[in-house]
Structures are given as structure tokens and as C-alpha cells.
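Quick notes on the structure that follows.
Each value in this text was obtained by applying a stated rule to the coordinates, not by laboratory testing. For clarity, every value in this text was computed on a predicted model and none was experimentally measured. Quick reminder, even Gly has a Cβ in these numbers, built from the backbone with ideal geometry, and neighbours come from all protein chains shown.
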Amino acid sequence: MKPLPMRLGDLSVGFVQALADAVRSCAHDPAPLLEQFGLDTARLAQPLARLSIPRYMRLGHAAIALTGNAALGLRMGQLSRLSQVGLAGVTAAQAPTVREAARTLIRFEPLYGSNYRGQSSLHEDARGAWLRFYSISPYNAYNRFVVDSIIAGWLQHLSTVAAQPLSCEQIDIEFSEPDYALHYSELGSAAIHFRADTNQLRLNHATLDLRNPQHCPSTWAYLLQLCERELEQLTRTRSLRERITQLLGPLLNGGREPDLEEVAARLKLPTWTLRRKLTEEGTQFRAILNDTRRDLAMTYIRDTELAFGEIAYLLGFASAEAFQRAFKRWNAQTPGEYRRRQRQSA
């Protein structure tokens, strides 16, 4: 059977509302652009509707081209609303404090967005916390706006909870300082560090402890129950193979190949137990690794503009040549031939 390219991830169409508002703030009508991407009013009103990550990146790139505003991602974040991230956002809006709102947005992120590259995280310590967005490198004109919109959006959402503008202590951005770097000053007086090890913002304890004047304990408790129920529904039916496939994405990134021991540690299983369970499911770790690489390779080539060397790095190959040999072995054609045929048939 011919393998089907796997999805790189998707997110709620609610994110499109912030993009439309940002385009509108630049004195442009977003409707023609959205319709070009199949996002008419009816589609945007569908419950639980999702948009693929590659399509979202192409939409953002097109919106930046339309407006001529390279900092559009920052504007998107500033104009975003908690309701646009669905049930998780509505729940966060009822959190008792900024801290609980941040925890809610991070814990229930799978309800409004998923990406094989990873999941956002909250790192709390004695002095405050980091809200960390996973790496989506290599960066280019198609994905820098995503990082900008997430960082600015977090700050906007938590400001909504506190009913006052919040200032963070520091913002770290993985990519190099862009031409529009001055626009980051709109996020407050925080120190901005480009070419950082990760994408994150820092909040101190005083900010995290700010109370939500709109908090209602009973509503908050009920919404949390709904979120937990939805999250359980998302995760309880996954097979071991599916769980490993989800883990492999972030582990592959960086030109290295994860091994069975590393995956077993992430699953909190002894290596021999993981090997036995995979045998019971009729598969092996190497087969899952190869299938994941193959499916991701096909998706990257089909849905993105990444160079083959960049794809090789993302899939854990030591070189572009090693990747191209593997791809030809999997599909009986080179990556270049596959991309050309996909573009011709589109």
C-alpha cells in the first residue's frame, strides 16, 4: 500500500480570526485572502474546525505580503482573544490567577493546536516562570510570524486575565534579529534576546500571582472538568506505536537519530518492556522510526518550501546525501522528482 504523508500538525481556525483582525488593522480587507485559502465565513464558524500547519504558514506568508507588514505576527498576538483558542481559552479566562491561566493554556494546548515538533511548556522556579514555545527551526518568511504571534498572544491573553497590561522580564527568540526588531518594543520594556536557545517569555511571581477579577470558582471548576474530559478523549485511544511516533518528531530534530533507550526513557518504560510491547503489536522500533521519517519527509517535500538539507536535519539525518539515498529507497524516486510531481499534480 502506498504510504500517505502524515500531518505536521493543525490548529483551531480561531487563530485565523486574529490574523484577519491584524490584516484589517493594516487597512486591508482579509476576506478575499481567506476565501483564497478556503476559509469563508461558514468554514470559520464550524465547531472544532482545524487548519493544517503548512496551510496556516502559507496563509500567514500571504497576509504579510498583502499588508507589507513583516511584523504582522506581533500584531496578531496583540489582537488575539482567549475565546479564539476555544475551550482552553474560555477556561483560562476564568482562572483565579495569571499563574493558573498560564498553566491552563499550556496543559490544554492539544485541544487547540498540535505540532509533531513538540508542545509548549511552563517551567516554574523559585522566582517566577518561563512560558516556552517549542522550536520550529529552521526559520524563514513562512514561520517567523508563528513565534511572534504566540509570544505576543500569551502576553495579551494573560493581560486579559489580570485586567491590566502585563510586562514580562525577558523574551527569548530563536531566530536572528529581523528587520522589524523595533516592533518588539510594543510588547513592553522586556529585554529581547535573539538567536536564543529557545522561544520563551519570563514572568515574575508578582505577575503570576495577580488575581482575575472575573473569576467565578464554580464556573472555573466546571470548565476544567470539560477540558480534562476532552484531553482524555484525545489521548486514551492511542496505540503504543502512535505514542512513539508523536515522541519521535521533537527527538529527530537536530541531525541526530534517537534510539530505543531514549524513547523508552520518555515513555518511562524499561527498554526491554518497550521492545516486548512493540513485538506484541507486531512491529519494531526501527520500523516505526523509518516509517515516521518517510511520512514526514513526504509531507515536508509536498507542503513546505524547505530545502532538502533542512529536511534532512529535521529528520535526524547526518547529511542531505544520506537523506536523499533513504528517500529514493523508500519511494523509488528522488526528493526532487517527488516535489516536482506533487507540484505538477496540485
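When only Cα pairs below 8 angstrom with a gap of at least 6 residues are kept, region 240-345 shows a relative contact order of 30 percent. Output the 0 to 90 degree angle, nearest 10, between the alpha-carbon long axis of helix 53-67 and the longest principal axis computed from the alpha carbons of the chain. For 53-67 against the chain, the angle is about 50 degrees.
Ratio of Rg to Rh for region 73-233: 0.95 [Cα atoms; Kirkwood radius as inverse mean 1/r over pairs].
In a DSSP loop and with at most 16 other Cβ atoms within 10 Å, the GluC sites (Glu not before Pro) in region 211-292 are E281.
Using a/c under 1.5 as the rounded threshold, could you call region 49-127 rounded, prolate or oblate? The axes a ≥ b ≥ c are square roots of the C-alpha gyration tensor eigenvalues, and prolate needs a/b larger than b/c, oblate otherwise. Prolate is the answer for region 49-127, as a/c is 1.5 or above and a/b outweighs b/c.
Exposure proxy ranking for Y300, Y180, based on other Cβ atoms within 10 angstrom of each Cβ and starting from the fewest, stands as Y180, Y300. When V23, V263 are sorted by how many other C-beta atoms sit within 10 angstrom of their C-beta, beginning with the fewest, the order is V263, V23. For region 90-177, state which trypsin sites (Lys or Arg not before Pro) are in a DSSP loop and have at most 16 other beta carbons lying within 10 Å of their beta carbon. Listed in order of number, the matching sites are R127. Tilt of helix 217-235 relative to the longest C-alpha principal axis of the chain, in degrees (0 to 90, nearest 10)? Approximately 10 degrees, to the nearest ten. When restricted to Cα atoms, region 1-140 yields an Rg and a Dmax of 16.2, 54 Å, respectively. Between the labelled values (1) 18.7, 59; (2) 20.9, 61; (3) 21.3, 65, the entry that holds Rg and Dmax of the Cα atoms in Å as derived from this structure is (2). For region 214-331, the alpha-carbon coordinates run over 59, 38, 22 Å along the three principal axes, in decreasing order.
Taking only the alpha-carbon positions of region 149-291 and ignoring solvent, what does the Debye formula give for the base-10 log of I(q)/I(0) at q = 0.17 Å⁻¹? With no solvent term, the Cα-only Debye profile gives -1.01. Using the Kirkwood radius over Cα pairs, work out the Stokes-Einstein diffusion coefficient for region 283-346 at 4 °C and 1.567 mPa s, in µm²/s as a whole number. Rounded, D is 109 µm²/s.
Just to be sure I understand the curve: with the Debye formula and one point per C-alpha of region 180-253, what is log10 I(q)/I(0) at q = 0.18 Å⁻¹? Computed log10 I(q)/I(0) values: -0.99. Note on the chain: helix-only mean residue ellipticity at 222 nm, from DSSP H runs of 4+ residues weighted -39500 (n - 2.57) and normalised by residue number, equals -16000 deg cm²/dmol. Each part gets one Cα centre, and for region 68-130 versus region 17-44 those centres are 22 Å apart.
Springs between Cα atoms under 10 Å define the GNM used for the chain, and in it the highest mean-square fluctuation of I151, I244, I136 occurs at I244.
Relative to the dominant Cα principal axis of the chain, helix 320-331 is inclined by about 70°. Computed from the C-beta positions of S176 and L226 and an R0 of 30 Å, the FRET efficiency is 0.15 to the nearest 0.05. Here C26, C216 are placed in order of increasing Cβ neighbour count within 10 Å, fewest first, which gives C216, C26.
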